[in-house]
1. Yes or no: Glu5 among the acidic types (Asp, Glu), surrounded by fewer than 18 Cβ atoms within 10 Å (Cβ to Cβ) and either closer than 25 Å to Val172 by Cβ or modelled with pLDDT under 95 (or both)?
2. Pairs needed: first member in region 97-112, in contact (Cβ under 8 Å) with a residue 60 or more places away in the chain; second member anywhere, assigned to a helix (DSSP H, G or I) and surrounded by fewer than 20 Cβ atoms within 10 Å (Cβ to Cβ); C-beta distance under 7 Å; at least 6 residues apart or different chains.
3. Looking at region 85-180, what helices (runs of 4 or more DSSP H) fall wholly within it and have at least 2 residues that are under 19 Å from Thr24 (Cβ atoms) and under 16 Å from the mean Cα position of the chain (by Cα)?
4. Select, from Leu76, Leu44, the only residue that is modelled with pLDDT of 95 or more and in contact with a Phe, Trp or Tyr (Cβ under 7 Å, 6 or more places away or on another chain).
5. Confirm whether Glu72 is free of Cβ contacts under 8 Å to residues at least 12 places away in the same chain, under 19 Å from Thr116 (Cα atoms) and part of a loop (DSSP other than H, G, I, E, B).
Amino acid sequence: MKAKETVLLVVDTQAAVVANAHETGRVVERILEAERRAREAGALVAWVQHEDENLVKGSAAWKLADGLEPKEGDLLVAKRYNSSFEETGLDGTLRERGIRTVVLAGAVTNWCIRATAYGALEHGFDLVLLGDAHTARDLKVEGDRTIPARDLIAELNVGIAGVEYPGRTASVIKTADLAF
């Protein structure tokens, strides 16, 4: 992975999105570590923020979680759908900048991280999912059943580690192992 051909894509780590999510504090710390490594290596850092009737641009709920702050030169992406690639121009912007690899972190695992991970692969990018830097909340399903957030996270990590696309790679690593 070459730094100049890589983007650290941090998705939906907004105050309301990560409130009460699994290990939010640790996930934010890992995102900050990934950001530090990306900046030191000269990789692009991109921040994606969801906007809708519940996450109104500029509101306290819409703002990034405490400690996360875009810097000058970072890419800012507003989205309305689960995938960061849907109707955002992200694909074209990354291609214009020569990006080949997406390093992915953020929230929420079972919605926007999953959709963005597969979106990156479907758009022809290599994918590195930071397996310890994405989060979710427990998911209530049929009746009184609940899928614990930690299981949602583990399932996506296993799924991405095992997925194959022609001419692209997909991997899951720990933030501590992130190297450019």
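The values are calculated or read from the model by the stated rules, or taken from the named source; none is laboratory data. For clarity, every value in this text was computed on a predicted model and none was experimentally measured. Using ideal geometry, Cβ is built from the backbone for each residue, glycine included, and neighbour counts are taken over all protein chains shown.
1. When the stated conditions are applied, Glu5 passes them.
2. Once the first residue is in contact (Cβ under 8 Å) with a residue 60 or more places away in the chain and sits in region 97-112, its partners that are assigned to a helix (DSSP H, G or I) and surrounded by fewer than 20 Cβ atoms within 10 Å (Cβ to Cβ) give Gly98/Lys4; Gly98/Glu5; Ile99/Glu5; Arg100/Glu5; Thr101/Glu5.
3. Fully inside region 85-180 and qualifying: 114-122, 149-162.
4. Checking each option against the conditions leaves just Leu76.
5. no
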